[in-house]
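Taken together, the values in this text are just the output of simple stated rules run on the coordinates, not laboratory data. The structure presented is a predicted model; accordingly, all values stated were derived computationally and were not measured. Using ideal geometry, Cβ is built from the backbone for each residue, glycine included, and neighbour counts are taken over all protein chains shown.
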């Protein structure tokens, strides 16, 4: 498993509009962009922290996974995304090692990245996302 870096940390928030002043004005992080990922029913804000990004996730529907997360656990860290190459090979390798995957094949996520999530019950309670950036310079870097 060749993990290149922590690509980003996903943080569930009830409102990006309300949360952004903390990140931009108080922490003085650079806002890299906003995006809606309709397939996941979330609005996303990307913030730069050195070589890592923070990804604020606001549910756009009460039946989204992020809305369910906030209802159950409240706002806070949602997932850690690990940057990889050849995401399908990484998925296959994890499965061969007994890791339960939420996604058995990569899907398109925010910023056009290919993503797949491990089930937190296989990862000591942490929701890990595998993230493969397909065209390296464009995605909010």
Using only Cα atoms and rounding to the nearest 10 degrees, what angle (0 to 90) does helix 87-96 make with the longest principal axis of the chain? 60
Roughly how many nanometres apart are two label points built 7 Å out from the Cα toward the Cβ at residue 123 and residue 60? 2.4
Quick check: Cα centre of region 15-43 to Cα centre of region 98-116, how many Å? 22
Could you give the radius of gyration (one decimal) and Dmax (whole number) of the Cα atoms in region 1-108, in Å? 15.1, 45
For labels at residue 28 and residue 85 in the simple 7 Å Cα→Cβ model, what's the distance in nm? 3.7
